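Worksheet for the structure shown next.
The values are calculated or read from the model by the stated rules, or taken from the named source; none is laboratory data. Please read these numbers as outputs of a predicted model, since none were measured by experiment. Here the Cβ is made from the backbone with ideal geometry for all residues, glycine too, and neighbour counts use every protein chain on show.
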């Protein structure tokens, strides 16, 4: 691979993948084997959790137990932003800036020690600088 491209935004991607799997109980990329999964990752296309849930009756049944019965759109936006194919479009690592952002959605908060101003918060979230 391209080891030189591994940096702190790779960790941001990994956290996005973990959040994605927590939201839909499946990884962002699936395939018959490692090669197929790597090929799908190289294409960079990830189905948003809500679209994935819409096509999966088993997942819809599980989500019915959540408040609102769906993937929280604010958390989906955070996961998809972190999973951006281009590293420059992901959240920057918290250590890159002294500014602090707090992203708030109904019923919860997402905090990062420093999310740069150039990274717009996910839609549906209110961001405030501290």
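Values as computed for the structure displayed
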| quantity | calculated |
| --- | --- |
| The stretch 33-53, residues that are surrounded by 12 or more Cβ atoms within 10 Å (Cβ to Cβ) and in contact (Cβ under 8 Å) with a residue 24 or more places away in the chain | 46, 48, 49, 50, 52, 53 |
| Condition met for residue 26 (under 24 Å from residue 91 (Cβ atoms), in contact with a helix residue (DSSP H, G or I) (Cβ under 9 Å, 6 or more places away or on another chain), modelled with pLDDT of 90 or more and not in a loop (DSSP other than H, G, I, E, B)) | no |
| Within the stretch 19-32, considering residues that are free of Cβ contacts under 8 Å to residues at least 60 places away in the same chain and closer than 18 Å to residue 86 by Cα, the one surrounded by the most Cβ atoms within 10 Å (Cβ to Cβ) | 28 |
| From 41, 95, 79, residue being in a helix (DSSP H, G or I), closer than 19 Å to residue 9 by Cα and modelled with pLDDT of 90 or more | 79 |
| Residues of the stretch 44-66 satisfying the condition of being within 18 Å of residue 16 (Cβ to Cβ), assigned to a helix (DSSP H, G or I) and in contact with a helix residue (DSSP H, G or I) (Cβ under 9 Å, 6 or more places away or on another chain) | 49, 50, 52, 53 |
| Residue match in the stretch 77-94 (condition: surrounded by fewer than 18 Cβ atoms within 10 Å (Cβ to Cβ) and on the phi > 0 side of the Ramachandran plot) | no |
